[in-house]
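For reference, the structure discussed in these notes is given below.
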Amino acid sequence: MCGRCGWSPGRLHSTLVHMTGHARASTLLMKAAGVTSALLLTIPFVGAQAPVPTDPTRNIDVKLSRYAFSPERIEVRLGERVWLNVVSVDGAHGFQVKELGLNALTPARGRTVRVELTPKAVGTFQIACSEYCGSGHSRMKAWLIVTPGT
């Protein structure tokens, strides 16, 4: 045990302090703190200069499970390009919006199917499961709401 600082084997500063001496270790720690401070002050400016993504496409994750869509309500703007990332958490399902001509089969358990959507009409459209999935299949519904663009 160190009589100056109470160090005992297993304490964190053991290598730095007891290989370089207390005075040298203090200087090294102060220099490290200065470098850390300089980096922390620089990071916000580097982040502010990062390029802005040019693709305004929005991604919406949609989960299908026996007799439910999540979310049950999807809102998009007229003319907005959207990717619907549709995945089934159990058996095979379908993702269908008849009025917009969308129909995608989602395989069982986990493979994501990407459905591109750029709505051309304002309205509320029913989303249904187009692949028979059991006794509650006919109740498996959700809503796609297309609002006027801004």
- Scanning the range 106-118 for residues that are assigned to a loop (DSSP other than H, G, I, E, B) and either touching a Phe, Trp or Tyr at 6+ places or on another chain (Cβ under 6 Å) or within 19 Å of Asp90 (Cβ to Cβ) (or both) gives Pro107, Ala108, Arg109, Gly110, Arg111, Thr112
- Message: Checking the condition assigned to a loop (DSSP other than H, G, I, E, B) and touching a residue at least 40 places away in the same chain (Cβ under 8 Å), which residue from Ala142, Ala121 passes?
- Response: Ala121
- Task: Answer yes or no as to whether Gly79 is more than 21 Å from Gly134 (Cβ to Cβ), in a loop (DSSP other than H, G, I, E, B) and in the same structural domain as Ile127 (by TED's automatic domain parsing).
- Result: yes
- Task: Name, by its number, the condition in (1) assigned to a helix (DSSP H, G or I); (2) at pLDDT 90 or above that does not hold for Pro44.
- Result: (2)
- Message: Six or more apart or on different chains, Cβ atoms under 9 Å: show the pairs whose first residue is in the range 66-93 and among the basic types (Lys, Arg) and whose second is assigned to a strand (DSSP E or B) and buried (at least 17 other Cβ atoms within 10 Å of the Cβ).
- Response: Arg66/His93; Arg73/Ala142; Arg73/Leu144; Arg77/Val146; Arg81/Leu117
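The values are calculated or read from the model by the stated rules, or taken from the named source; none is laboratory data. Everything quoted here is computed from the prediction, not taken from an experiment. When we count neighbours, we look across all protein chains shown, and the Cβ atoms used for this are built from the backbone with ideal geometry, even at glycine.
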